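Asks: Starting off with a structure, shown below.
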Amino acid sequence: MRGKSILLVIGGGIAAYKSLELIRRLAERGVKARAILTGAGAHFVTPLSVSALTGDKVYADLFSLTDESEMGHIELSRAADLVVVAPATADLMGKLAAGLANDLASTALLATDKPILMAPAMNVRMWQSPSVRRSAGILARDGVQFVGPNDGDMACGEFGPGRMAEPLEIVAAIEKMLEVRGGALDGFKALVTAGPTQEPLDPVRFLANRSSGKQGYAIADALARAGADTVLISGPVEIAPPSNVTLRKVVTAREMLAACEAELPADIAVMSAAVADWRPDIAANSKIKKDTEHKAPAIRLIENPDILATLARHKNRPRLVVGFAAETDDVLANAVGKRARKGADWIVANDVSGNVMGGDRNQVHLITAASQEHWPEMSKTDVAHRLVQQIARQFQERS
Ligand SMILES: Cc1cc2nc3c(=O)[nH]c(=O)nc-3n(C[C@H](O)[C@H](O)[C@H](O)COP(=O)(O)O)c2cc1C
């Protein structure tokens, strides 16, 4: 994780002193920390100590003209690779879960497009209170990751869950989130589909959609960087392929399915292509001409093969089958239904009613059999990186 940077939000709890050590442990590993200290946090550790350890100024005030001119709160929240909240107070958790932003820390947490890791620390009864349980549940569903709290003696004299994770545990959690360890997917074969398909009507016309292929290309690149032997099966798009993947270009849905089946067996299949559901039943050999009576031709559509369902039920089924659901309505309900119906392990669902198709950013939900995560809007490269981190984790847990 050398060269990475984190934004550390230090909340107002006794455990704030451990965050000073966290900064040192990160620095030893070549990770730069920039800190936001809440007003309450400054009662527990001084801005001077934090600043001396980060080697940077400490950000504390949302309304400071100097801070805003040097680095505005939005930029501050996005400049890092990861946002870490340690200690995460009941207050900070509740504010983020409720969407409140009345100081620099809570505003940065709402504004960030980077993953968030929280290290909660609080009295055991606070941690077990229904409100904090509710906040933790909402945050987990929103894609926030947690480390701790641990069981143990507390500063308040009680015993139970609520002690902040130790600095080295937090470092390990950061490491896991920041990096797909080089070679985490070494020895695994991945198959990625991307882009639209084009379904010919005649030699010059076709049915297609607006998919740019950017998300699938970014996923193929991230899988290859994690060490997977990656084959990218792409419909017609204009972007340059990543240098470290094997590219197979196809045009129609049937060609895409055949190319996928030819690449089996594989360990991982990420089906992000926007495959045309239907094709014209007849593709004319020569250009369809206007007739003299100007009667428009009737086009009959027939269903294309379902690539995701076919791979998910294949005798050489990849160990992990991930589908994409591009929806304009009822995104979550449709994605949950699609996962079950098609036999996929995970579905990455996104609302494509805006300019997601063709754009550089995406806001997705990761649906598995056990959970639903709602990721904040981020670049397609960051979505790819985060998805591959989850894939790598899944394969590490299984092996
Ligand atoms: C001595 C003392 C210790 C505290 N420890 C914690 C704690 O460990 N966890 C927590 O959630 N709140 C704790 N609080 C309460 C928070 O400081 C308080 O909720 C504050 O508003 C949190 O602000 P922040 O979330 O902006 O940092 C403590 C308060 C005091 C006076």
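Asks: Mind telling me which of the residues LEU48, LEU22, LEU65 ends up being at pLDDT 95 or above, more than 15 Å from the ligand (Cβ to nearest atom) and surrounded by fewer than 14 Cβ atoms within 10 Å (Cβ to Cβ)?
Replies: Just a single option satisfies the conditions, and that option is LEU48.
Asks: Give the residues of the stretch 103-114 that are touching a residue at least 24 places away in the same chain (Cβ under 8 Å), within 11 Å of the ligand (Cβ to nearest atom) and either in a helix (DSSP H, G or I) or out of contact with any Ser or Thr (no Cβ under 9 Å at 6 or more places or on another chain) (or both), sorted by residue number.
Replies: LEU104, ALA105, LEU109
Asks: So which of GLY3, GLY13 ends up being within 11 Å of the ligand (Cβ to nearest atom) and either within 26 Å of the chain's Cα centre (by Cα) or of a type outside the set (A, V, I, L, M, F, W, C) (or both)?
Replies: Criteria check complete, one pass: GLY13.
Asks: Which residues, taken from the stretch 147-170, are within 11 Å of VAL124 (Cβ to Cβ), near the ligand (Cβ under 10 Å from one of its atoms) and in a loop (DSSP other than H, G, I, E, B)?
Replies: PRO149, MET154, CYS156
Asks: Out of the residues in the stretch 25-45 that are assigned to a helix (DSSP H, G or I) and surrounded by fewer than 20 Cβ atoms within 10 Å (Cβ to Cβ), state the one that is farthest from the ligand (Cβ to nearest atom).
Replies: So, considering only residues that are assigned to a helix (DSSP H, G or I) and surrounded by fewer than 20 Cβ atoms within 10 Å (Cβ to Cβ), the one farthest from the ligand (Cβ to nearest atom) is GLU28.
Asks: Are any of the residues in the stretch 190-213 closer than 17 Å to GLN396 by Cβ and not basic (Lys, Arg)?
Replies: yes
Asks: Do we find a residue being part of a loop (DSSP other than H, G, I, E, B), among the charged types (D, E, K, R) and touching a strand residue (DSSP E or B) at 6+ places or on another chain (Cβ under 6 Å) anywhere in the stretch 239-255?
Replies: Within the stretch 239-255, none of the residues are part of a loop (DSSP other than H, G, I, E, B), among the charged types (D, E, K, R) and touching a strand residue (DSSP E or B) at 6+ places or on another chain (Cβ under 6 Å).
Asks: Within the stretch 325-360, track down each residue that is within 13 Å of the chain's Cα centre (by Cα) and in contact (Cβ under 8 Å) with a residue 60 or more places away in the chain.
Replies: VAL348
Asks: Scan the stretch 71-102 residue by residue and report those that are buried (at least 19 other Cβ atoms within 10 Å of the Cβ), in a loop (DSSP other than H, G, I, E, B) and near the ligand (Cβ under 10 Å from one of its atoms).
Replies: Scanning the stretch 71-102 gives a single hit, THR89.
Asks: Anything in the stretch 161-201 that is of a type in the set (Gly, Ala, Ser) and either at pLDDT 90 or above or in contact with a Pro (Cβ under 9 Å, 6 or more places away or on another chain) (or both)? List them, or say none.
Replies: GLY162, ALA165, ALA173, GLY187, ALA190, ALA194, GLY195
Asks: Do you know which of the residues in the stretch 115-132 that are closer than 18 Å to ASP142 by Cα and within 13 Å of the ligand (Cβ to nearest atom) is surrounded by the fewest Cβ atoms within 10 Å (Cβ to Cβ)?
Replies: SER131
Asks: What do you reckon, is VAL9 of a type in the set (Val, Ile, Thr), in the same structural domain as LEU139 (by TED's automatic domain parsing) and not in a helix (DSSP H, G or I)?
Replies: Yes, satisfied.
The values are calculated or read from the model by the stated rules, or taken from the named source; none is laboratory data. Bear in mind the structure is a predicted one, so any value in this text is a computation, not a measurement. Cβ atoms come from the backbone with ideal geometry, glycine included; neighbour counts cover every protein chain shown.
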